[in-house]
1. Among the numbered criteria (1) more than 21 Å from residue 306 (Cβ to Cβ); (2) part of a helix (DSSP H, G or I), which one does residue 222 miss?
2. When the residues of segment 190-200 are filtered to those that are surrounded by 15 or more Cβ atoms within 10 Å (Cβ to Cβ) and not in a loop (DSSP other than H, G, I, E, B), which remaining residue is modelled with the lowest pLDDT?
3. Out of 296, 307, I need the residue that is loosely packed, with under 14 Cβ neighbours inside 10 Å, in contact with a strand residue (DSSP E or B) (Cβ under 9 Å, 6 or more places away or on another chain) and under 30 Å from residue 229 (Cα atoms). Which one?
4. For segment 28-38, enumerate the residues that are under 19 Å from residue 75 (Cβ atoms) and either in a loop (DSSP other than H, G, I, E, B) or assigned by the TED database to the domain that holds residue 257 (or both).
5. Of everything in segment 147-171, what is crowded, with 19+ Cβ neighbours inside 10 Å, of a type outside the set (Val, Ile, Thr) and more than 16 Å from residue 119 (Cβ to Cβ)? Give them in sequence order.
6. Which numbered condition in (1) out of contact with any Leu (no Cβ under 7 Å at 6 or more places or on another chain); (2) under 30 Å from residue 155 (Cβ atoms) is the only one that residue 107 fails?
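The values are calculated or read from the model by the stated rules, or taken from the named source; none is laboratory data. As the structure is a computational prediction, the values presented were derived from the model and not from experiment. Using ideal geometry, Cβ is built from the backbone for each residue, glycine included, and neighbour counts are taken over all protein chains shown.
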Amino acid sequence: MTAIVPHSTPQRKIIHIDADCFYAAVEMRDEPAYAGQPLAVGGQADRRGVIATCNYEARAFGVRSAMATRYALRLCPHLIIVPPDFSRYKAASQAMFTIYREYTDCIEPLSLDEAYLDVTDSPHHQGSATRIAAAIKTRVKEELNLVVSAGVAPNKFLAKIASDWDKPDGLFVIRPEAVEDFIATLPVDKLFGVGPRTAEKMYQLGLKTCMDLRQKELPFLREQFGKMGTQLYQLCRGVDQRSVHSNRKRKSISVETTYLHDLNGFEQCLPYIDVLYDQLIERVQNAQATSFVQKVFVKLRLANFRVRSVEQNALNLNRETIHSLLKAACERHHEPIRLLGVGIRLRESNAGGQIDFLTPSF
């Protein structure tokens with residue numbers, strides 16, 4: 001465990017928990033022969049498959065999520081590739097969330113393997129968020145034979161940064177009094193929403209750390225980065241007022257990925273959109289929102305940072321519709337693509353209220 005030492009006013013206590021290479025970890029747990037072998041979960045190379053996730057043995061060869069399976073096999077010829085089994089992943093997720101709920105009811109699930117916990121008012125372990133996080137990690141490992149990393153901080157942005165800091169199997173704590181110093185030296189590519197291209201632009205402007213960003217006025221950041229400039233202005237100061245929403249009302253469900261290398265055209269984007277589609281289906285089913293689909297959309301972020309989307313009315317979600325929308329988007333916009341996203345917009349329930357789409361159905 002690593003701790004950063006502290007500022008002194010009452011603060012929220014937020015834990016971000018993220019299971020390490022979750023799908024691959026479940027596969028290794030359930031099939032001991034995979035232990036110590038480079039393993040990936042994803043589609044097969046002969047079907048233009050894409051890697052969904054991989055274990056650390058595979059990462060040592062340069063294999064990464066969202067990488068074409070064919071290319072992953074060139075990097076690691078003996079890579080074991082297994083198709084995803086979402087029923088087993090969901091069962092493992094349910095077991096993890098059962099443990100989390102013993103420490104707080106204020107839980108915001110982000111996916112099957114990731115969640116925010118607000119333990120500000122938790123009586124467990126004398127109210128120590130660090131001890132609660134350590135206890136959760138121990139129980140997940142001992143009871144489920146899975147490994148999670150945890151970050152403890154005064155807000156969601158910092159807790160997410162912290163959980164990534166000491167992976168795998170990490171516990172990193174950013175105490176309130178340490179926030180300013182910690183953020184000052186934080187590389188800009190660690191900020192939420194900053195992908196490789198945005199980071200490259202920042203470097204060209206001489207912006208390498210959050211301290212560099214702090215020297216710039218808000219109008220400058222807005223001019224250079226559009227709406228994202230306001231977010232950067234706040235994050236580089238460690239400001240994030242978002243609450244942990246255990247019963248968040250959602251108007252949409254979506255999933256997106258920023259790619260290390262730009263994609264060009266429909267054919268190149270197709271296998272990547274299929275991976276996103278499978279992830280979207282998982283989220284929609286987990287949210288029990290299948291019968292509330294109103295619109296389906298595909299989102300592109302182009303190399304020039306412009307965001308474009310194409311959507312259509314739909315009563316259900318299917319792969320053919322996603323392919324059709326992707327094709328329309330690519331035909332309208334010929335620039336290289338750095339981000340792909342897919343999602344649905346949701347209609348209200350018949351009762352007139354909205355459903356709680358992020359509350360786990362278990």
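1. (1)
2. 197
3. None of the other options fit; the residue is 307.
4. 36, 37, 38
5. If the condition is that a residue be crowded, with 19+ Cβ neighbours inside 10 Å, of a type outside the set (Val, Ile, Thr) and more than 16 Å from residue 119 (Cβ to Cβ), then 149, 157, 170 are the ones that fit.
6. Result: residue 107 passes all but (1).
Residue by residue, here is whether (1) closer than 28 Å to residue 104 by Cβ; (2) of a type in the set (A, V, I, L, M, F, W, C) holds:
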| residue | (1), (2) |
| --- | --- |
| 209 | no, no |
| 212 | no, no |
| 242 | yes, no |
| 251 | yes, no |
| 273 | no, yes |
| 277 | no, no |
| 294 | no, no |
| 301 | no, no |
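Residue-wise test of (1) in contact with a Phe, Trp or Tyr (Cβ under 9 Å, 6 or more places away or on another chain); (2) over 28 Å from residue 14 (Cα atoms); (3) assigned by the TED database to the domain that holds residue 33.
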position	(1), (2), (3)
82	yes, yes, yes
97	yes, no, no
102	no, no, no
105	no, no, no
108	yes, no, no
114	yes, no, no
125	yes, no, no
128	no, no, no
